[in-house]
Amino acid sequence: MLAFLSSLPLSSKLSHSAFTPCSSNRSMTSAKPRSACTHPVPAVALASPYVPDLDTYTTLYERSITDPDSFWRDIAKSFVWKDNPGNESNEPVLNYSFTPGSAPGVNVSFLPNRKTNICYNAIDRWVEDPVKADAVAFYCEGNDPGRTRVVTFHELHDMVQRFANVLKNQLNVKKGDVVVLYMPMVPELPVAMLACARIGAIHSVVFGGYSAEALAGRILDSKAAVVVVTESVARASKTVKLKEISDHAIRIAAKSGHDVTYQIVTKTPGKLKVSPSAIEIPQDIEWDVALASADPVCPVEWVDSEHPLFVLYTSGSTGKPKGVVHATGGYMVYAATTFKYVFDYHENDVFFSTSDCGWITGHSYVTYGPLLNGATQVLYEGVPNYPTPARLWEIVEKYKVAQLYTAPTVIRALKGAKAPPPTETNPNPSSADWVNKCDRSSLRVLGSVGEPINPEAWLWYYDVVGEQKCAVVDTWWQTETGGHCLTPLPIPGLPIKPGCAMMPFFGIEPALVNGEGQELKGPAEGFLVIKNAWPSTLRTVYRNHKRMEETYFERFPGFYMTGDGARRDADGHYWLTGRVDDILNVSGHRIGTAEVESALVLHDAVAEAAVVGVPHDVKGEALYAYVSLMSGVEPTEELRKSIRACVRTEIGPFASPDTIQWAGALPKTRSGKIMRRILRKIAKNGPKTQRDDLGDTSTLTDPGVIDMLLSTYGK
Ligand code: ATP
Ligand code: MG
């Protein structure tokens with residue numbers, strides 16, 4: 001169990017002086033490919049961090065692994081449990097079996113004898129303090145600058161109680177029923193999530209960008225009788241009519257034999273009420289009308305710690321989305337603890353995550369983690385580059401944001417944005433000028449999540465956005481893990497390596513195994529697995545426990561299989577290399593696609609790149625790269641050569657792609673991840689690719705990208 005501890009980073013190994021700050025040899029505008037320095041950047045100075053030094057981290061981490069029960073029981077004391085049992089040293093805390101097939105099969109439980117309510121912990125205990133009750137829970141920032149709203153903890157409490165009563169008394173929702181939420185990032189979304197939790201109903205949030213078919217599939221899967229929807233929402237300059245899509249989904253579900261009984265409709269953000277034409281099918285009820293007649297007081301339902309809190313579908317990057325189920329108590333404790341330590345959140349800080357509540361990041365680090373810490377945050381309805389690529393930085397300035405959490409795809413897009421027009425004082429503007437014009441002095445921690453972050457993008461985040469004063473935390477985790485698993489903590493004295501997820505969070509014992517499931521020691525590369533359970537381990541795949549056992553526990557019995565590959569360096573730090581399917585074997589060299597992609601985006605002309613393997617008679621596999629160029633750059637043979645040269649210099653000739661296809665865009669999931677499984681099929685079969693062969697494409701942002709890639713194949 002403790003094998004990993006031997007490779008833990010020790011303070012002596014990470015002494016500050018051992019590293020050369022690498023910003024000096026990089027230029028943001030040089031025409032030549034630059035080297036993405038992967039030396040650690042110097043530690044940043046944070047005032048009174050929770051983990052003041054590496055020794056404290058190591059002590060806490062060791063305790064979380066050697067004595068998880070006492071570690072988590074102590075942390076659980078800061079939450080409210082029904083009839084708070086105090087320090088019962090013999091009560092079960094974290095119990096688990098990772099053995100599929102056999103009785104008791106795969107199962108995990110956390111403080112299974114206790115009862116709690118996550119909504120009580122996220123709101124009620126704060127409003128008991130009259131000062132805290134008036135503190136801001138959400139600064140709501142609309143799609144259009146200037147449309148704002150403020151929601152205090154007290155107002156949140158009121159809305160949640162009323163909506164919980166609507167669910168219970170007007171719509172007959174019972175404990176354990178699933179309620180589907182199909183809404184944009186308006187406060188009614190976290191309100192609806194918390195109202196479900198308050199009465200023990202299970203929420204299933206469906207990202208508001210999904211199609212009617214995808215929504216219908218999720219309604220059918222959960223047999224939800226109630227859907228909550230927003231009439232419409234502006235996303236950049238487009239209007240998305242969510243209610244029309246939901247009506248369509250309800251009709252599809254009805255054709256398959258499932259009737260939705262009620263549909264609650266919230267108004268389009270910025271409008272005074274729902275338009276009469278949107279209340280059209282018999283199931284429709286207006287949110288405002290229902291709330292106005294609801295009892296303002298709704299006592300919480302104390303549920304078992306193991307009671308399911310929500311079902312949430314994975315992004316579908318690697319296959320059909322899985323309905324991941326999380327349980328109340330363990331999820332509550334883990335989401336809150338990771339939020340506090342990874343973002344070093346302190347009272348009066350303003351936190352800002354750009355993630356949508358349709359993803360796990362929005363569940364754990366918008367709705368639950370921050371509110372469980374009594375945090376104030378920005379709830380942003382729009383997209384990061386509307387109306388200009390300065391939008392995020394304007395929000396940071398306006399609310400004095402201390403912690404910003406976003407995804408590599410956003411960072412790359414803003415880094416590659418078209419520069420603002422030249423002015424007399426700035427005749428040669430760059431994309432960094434969108435950032436520089438805003439005051440970011442309030443920022444302390446910059447987070448990244450969702451995909452491996454290329455060192456180049458990491459350094460832009462650190463240098464340009466954070467002006468080398470912020471800790472950058474690249475957080476690796478999954479819908480299934482409920483919270484961060486591998487991430488640097490913003491520890492003074494811990495130099496962070498660009499693009500590296502560094503080290504395990506408390507209670508996580510990562511390991512690398514080879515294809516036979518043998519654990520690899522020391523510096524190594526292999527399948528990333530986790531050896532133990534942590535409080536928010538997924539409990540099951542909704543109504544399909546067999547899929548849970550097969551997907552995560554069958555291949556390497558005794559381990560949780562993440563499906564990702566990773567490398568551990570000589571300091572014991574973890575680097576994510578991509579999905580296990582994305583590790584290629586080219587002429588006997590194991591190459592992670594993430595590494596080649598990072599080398600490709602080092603080239604000034606390249607905005608984004610995705611690399612896949614295609615079968616090759618001699619090499620086994622050959623590298624096939626899809627490359628999106630910076631706006632305004634013309635694709636030429638010369639450019640192809642210079643991009644290949646960039647990879648040769650960075651990694652070596654063996655990693656130079658055999659094929660580079662110019663791609664106007666890459667196929668991405670609605671959560672912004674590249675769907676490499678589609679790119680693999682197109683690279684292999686070209687124009688002969690059969691649609692049916694592409695698998696589930698329902699979570700693609702723009703299905704038109706497939707046609708575009710097929711038509712530009714070979715070009
Ligand atoms: P599906 O499981 O349906 O294929 P998905 O894995 O994309 O979808 P999520 O749970 O949203 O669904 O994403 C988790 C995955 O995202 C991780 O397994 C990993 O591949 C990737 N990921 C998340 N954060 C990071 C990170 N910081 N570095 C590298 N990869 C990351
Ligand atoms: Mg996954």
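I want to make sure I understand the PRE zone here: with the label point 7 angstrom from the Cα of residue 172 toward its beta carbon, which residues in the stretch 251-292 have backbone N atoms less than 20 Å away? Residues 251, 253-255, 257-265, 281-287, 290-291 fall inside that zone. Does the stretch 587-712 classify as rounded, prolate or oblate by the C-alpha gyration tensor (a ≥ b ≥ c root eigenvalues; a/c under 1.5 gives rounded; else a/b over b/c gives prolate, otherwise oblate)? Oblate, since a/c reaches 1.5 and b/c is not below a/b. Available extension along the chain between residue 77 and residue 95 is 4.7 nm, counting 0.36 nm per residue and deducting the alpha carbon span.
With contacts taken as Cα pairs under 8 Å at a separation of at least 6 residues, the chain carries a relative contact order of 14 percent. Relative contact order of the stretch 633-689: 17 percent, from C-alpha pairs under 8 Å at least 6 residues apart in sequence. Here the chain has 52 percent of its accessible surface on carbon and sulfur atoms, given a 1.4 Å probe and all protein chains in place. Taken as Cα centroids, the stretch 96-150 and the stretch 153-175 sit 16 Å apart, rounded to the nearest whole angstrom. One Cα centroid belongs to the stretch 458-499, the other to the stretch 605-658; the line between them spans 28 Å.
Within the shell defined by Cβ-Cβ distances under 11 Å, the residues around residue 136 carry a net charge of 0, with Lys and Arg each +1 and Asp and Glu each -1. Taking a virtual spin label 7 Å from the Cα of residue 469 along the C-beta vector, which residues in the stretch 408-446 bring their backbone nitrogen under 18 Å of it? Answer for the stretch 408-446: 433-446. Oblate is the label for the stretch 326-383, because a/c, from the alpha-carbon gyration tensor with a ≥ b ≥ c as root eigenvalues, is 1.5 or above and a/b does not exceed b/c. In the structure shown, the pairs 619/684; 688/715; 267/322; 238/320; 238/437; 243/271 are assessed against 21 Å; a Cα-Cα span above that value is assigned to 267/322; 238/320; 238/437. Annotation: residue 210 carries an accessible surface of approximately 10 Å², with a 1.4 Å probe and no ligand, DNA or RNA atoms counted. Using the Cα gyration tensor of the chain, with a ≥ b ≥ c the square roots of its eigenvalues, what is the shape: rounded (a/c below 1.5), prolate (a/b larger than b/c) or oblate (neither)? It comes out rounded by the Cα gyration axes. Placing dummy labels 7 Å off each Cα toward the beta-carbon, the span from residue 442 to residue 712 is 3.9 nm.
Once the C-beta distance of residue 113 and residue 236 is scaled by a Förster radius of 41 Å, the resulting FRET efficiency is 0.25 to the nearest 0.05. Using 0.36 nm per residue and subtracting the Cα-Cα separation, the extra length available between residue 132 and residue 424 on full extension is 100.3 nm.
Inter-label distance, residue 255 to residue 514: 5.2 nm, where each label sits 7 Å from its Cα along the C-beta direction.
Could you provide, to the nearest whole Å², the per residue accessible area of the chain with probe 1.4 Å? Don't jump to the answer; show the numbers that get you there.
Numbers: 26190 Å² over 715 residues.
Per residue, the chain has 37 Å² of solvent-accessible surface.
Entry note, the stretch 195-271: relative contact order of 34 percent, from Cα contacts under 8 Å with a spacing of 6+ residues.
Given their separation in residues at 0.36 nm each and the Cα-Cα distance between them, residue 144 and residue 55 gain 27.4 nm when the chain is fully extended.
For the chain, what is the calculated [θ] at 222 nm in deg cm²/dmol (nearest 500), taking -39500 (n - 2.57) for each run of four or more DSSP H residues and dividing by its residue count? Mind showing how you got there, number by number?
Numbers: 19 runs with 178 residues, N = 715.
Dividing the helical sum by the residues of the chain leaves -7000 deg cm²/dmol.
The values are calculated or read from the model by the stated rules, or taken from the named source; none is laboratory data. These numbers were taken from a predicted model, which means no experiment stands behind them. No Cβ is skipped: glycine too gets one built from the backbone with ideal geometry, and neighbour counts run over all protein chains shown. Heavy atoms of the whole protein, side chains included, go into the accessibility calculation; ligands, DNA and RNA do not. Shrake-Rupley method; radii C 1.70, N 1.55, O 1.52, S 1.80 Å.
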